[in-house]
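For reference, the structure is listed below as structure tokens.
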Amino acid sequence: MAILEIRKYPDEVLEKKAEPVEAVDEALQRLMDDMVETMYAASGVGLAAPQVGVSKRLIVVDVSHLEGETAPLVVLVNPEIIESHGSIKTEEGCLSLPEFLTTVERAETVTVKGLDMEGRETTMPVEGLLAVALQHEIDHLDGTLILDRASFLKREFYKKQLRKNLAKARAG
Ligand code: NI
């Protein structure tokens with residue numbers, strides 16, 4: 001296993017729509033392992049393949065350090081939300097957007113369909129934080145960041161701050 005580099009905004013891979021996975025083979029399973037290890041090393045609750053520079057529809061999620069140890073490790077290939085209900089607002093962060101937090105409104109319960117780590121079809125109803133995390137990661141596969149779900153002002157402020165820091169880094 002290996003810890004992968006997490007791509008940060010404005011890396012363009014984060015804004016691309018990811019390609020469907022065609023086969024759950026050994027190479028993909030290695031990528032799953034590495035993504036899980038990378039997520040834990042970064043103390044994140046989820047990671048999508050584009051965040052490690054791979055434009056494929058694969059996500060890993062584990063909310064156990066927020067929700068308690070009974071929360072499962074979820075690995076999903078080609079995930080799709082087939083049903084959603086209710087709404088919930090939570091403050092979200094993202095490993096690709098350091099120091100950025102914003103309140104996002106999402107469905108409270110969702111049913112997600114996809115392939116598991118062995119390539120078997122799976123359908124799971126989820127709620128609460130796990131549902132929020134899954135929607136956040138699936139957003140990544142469509143090139144959508146929480147930055148895009150934030151208010152115009154908040155987004156522009158962050159971009160401006162980032163440009164300033166980049167300019168400072170170059171000057172220094
Ligand atoms: Ni994220």
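The values are calculated or read from the model by the stated rules, or taken from the named source; none is laboratory data. Note that the coordinates shown come from a computational prediction; the quantities given were computed from them, not determined experimentally. Positions of Cβ are generated from backbone atoms using ideal geometry, with glycine treated the same way; all protein chains shown enter the neighbour counts. Just so you know, the surface numbers come from the protein's heavy atoms only, side chains and all, with ligands and any DNA or RNA stripped out. Shrake-Rupley method; radii C 1.70, N 1.55, O 1.52, S 1.80 Å.
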Checklist entry - Averaged per residue, what accessible area in Å² does the chain show with a 1.4 Å probe, protein chains only? => result 55
Checklist entry - Do the sum for the chain: with -39,500 (n - 2.57) for every DSSP H run of n ≥ 4, divided by all residues, what is the mean residue ellipticity at 222 nm, to the nearest 500 deg cm²/dmol? => result -10500 deg cm²/dmol
Checklist entry - Around GLY86, with a cut-off of 10 angstrom between Cβ atoms, what is the net charge of the other residues, counting Lys and Arg +1 and Asp and Glu -1? => result -1
Checklist entry - Can you pull out the trypsin sites (Lys or Arg not before Pro) in the range 18-91 that DSSP calls coil and that have at most 14 other Cβ atoms within 10 Å? => result none
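If packing is taken as the mean number of other Cβ atoms within 10 Å per residue, what is the order of 14-23, 139-148, highest first?
In decreasing order of mean packing, 14-23, 139-148 become 139-148, 14-23.
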Next on the checklist: Within the range 100-128, list the residues whose amide N lies under 18 Å from a label point set 7 Å along Cα→Cβ of TYR40.
Outcome noted: 117-118
Next on the checklist: If the reach is capped at under 15 angstrom between alpha carbons, list the aspartates and glutamates near LYS17, excluding any in the same chain fewer than eight residues apart.
Outcome noted: GLU80, GLU137, ASP139, ASP142, ASP148
Item to check | Net dipole in debye of the range 12-171 [+1 Lys, Arg Cβ; -1 Asp, Glu Cβ; about Cα centre; nearest 20] | outcome: 1160
Checklist entry - What's the carbon and sulfur percent of the range 12-171's accessible surface, probe 1.4 angstrom, rounded to a whole number? => result 49
